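Nothing in this text is a laboratory measurement; each read-out follows from the coordinates by a stated rule. Quantities reported herein were computed from a predicted structural model and do not represent experimental measurements. Positions of Cβ are generated from backbone atoms using ideal geometry, with glycine treated the same way; all protein chains shown enter the neighbour counts.
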Amino acid sequence: MTDPELDGFRVERDPARERADIVLARPPMNVISMPQRDQLRRAFESLDEDATIRVIVLRAEGPHFSSGGYIRGFLEASPEQVSRLAWNIAAPARCAKPVIAANRGFAFGVGFEISLACDFRIVSETCEYALPEQRLGQIPGSGGSARLQKIVGITRTKDIVMRSRRIPARQALDWGIATECVADDALEAATDALVEELRGFAPLAQRTAKRLLNETEDALLSAAIDLEGHCYSRLRQSEDFREGVEAFHAKRKPRFHGV
């Protein structure tokens, strides 16, 4: 059941599977309100602090992930609220844990932007991505154009942003926006499979990899290699690395504990 204090979404925790789901729950379009953005940030932060959770999934009820934000809310929002738009929506990227977005149907505006802030995007064949703000006399304001440019380059980003183009699922996969594209009725199964795959890796190594990749995205190659070496050196002292090496030589499945 949706927590009445949460605006348009709910949080489901499953400690037995080390998984938590943030579920957009305002179908059929799952419009995201201004207050909801700040609540979503706090939900991600809370799950990041929960030691029983290894993987976070962002998904939605109904045929569409999200048609975007509540349009009139932009005129009603205070300057302080508007100044936090990108910070709130970047919460999945700041999480130390892996975050999966499961997208079907429309993923427009802020729905696309928060998906871009996730580590993995599994899309069903019905998914369409778009940043339609030009049609409102605006530009993306929650990091969408910046993140997209890092993924697909300036030419394709101009094509998407300046023409408010919709990108279908298969094209999103071809362009490197989506991690995986599956049949619509296979979206949940594909998401479950990725959760289980990620749970099989060492938690400390996974958190380190995410932070390293995020922090070196804009770095010089030499600086990125240097930081990678420092991270490798730290992990070499971990119990999980020793367990991984011993399990490899013993031809058994490793038992990682995140230390």
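Key figures
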quantity: Sequence-separation-based contact order of the chain, relative, with Cα cut under 8 Å and 6+ spacing, percent; calculated: 14 percent
quantity: Rounded tilt (10° steps) of 239-250 against the dominant C-alpha axis of the chain; calculated: 60 degrees
quantity: Under 24 Å from Lys158, Cα to Cα: lysines that are on another chain or at least 8 residues apart; calculated: Lys150
quantity: Ordering of 125-135, 235-245 by packing [mean C-beta count within 10 Å, highest first]; calculated: 125-135, 235-245
quantity: Helical mean residue ellipticity (222 nm; -39500 (n - 2.57) per DSSP H run of 4+; nearest 500) of the chain; calculated: -13500 deg cm²/dmol
quantity: Cβ-derived FRET efficiency at R0 25 Å, Asp14 paired with Ala247, nearest 0.05; calculated: 0.45
quantity: Those lysines that a straight Cα-Cα span of less than 18 Å connects to Lys97, excepting residues fewer than 8 apart in one chain; calculated: Lys210
quantity: Mean separation of Cα contacts under 8 Å, 6 or more apart, over the residue count of the stretch 16-101: relative contact order %; calculated: 43 percent
quantity: Efficiency of FRET from Cβ geometry, Leu227 and Leu75, R₀ 45 Å, rounded to 0.05; calculated: 0.55
quantity: Normalised contact order of the stretch 137-259, rounded percent, pairs of Cα under 8 Å and 6 or more residues apart; calculated: 17 percent
quantity: Cβ-based charge dipole, the stretch 9-199, positive-most Cα from Ala101, Ala60, Ile71; calculated: Ile71
quantity: Whole-angstrom Cα spans of the chain along principal axes, big to small; calculated: 59, 46, 39
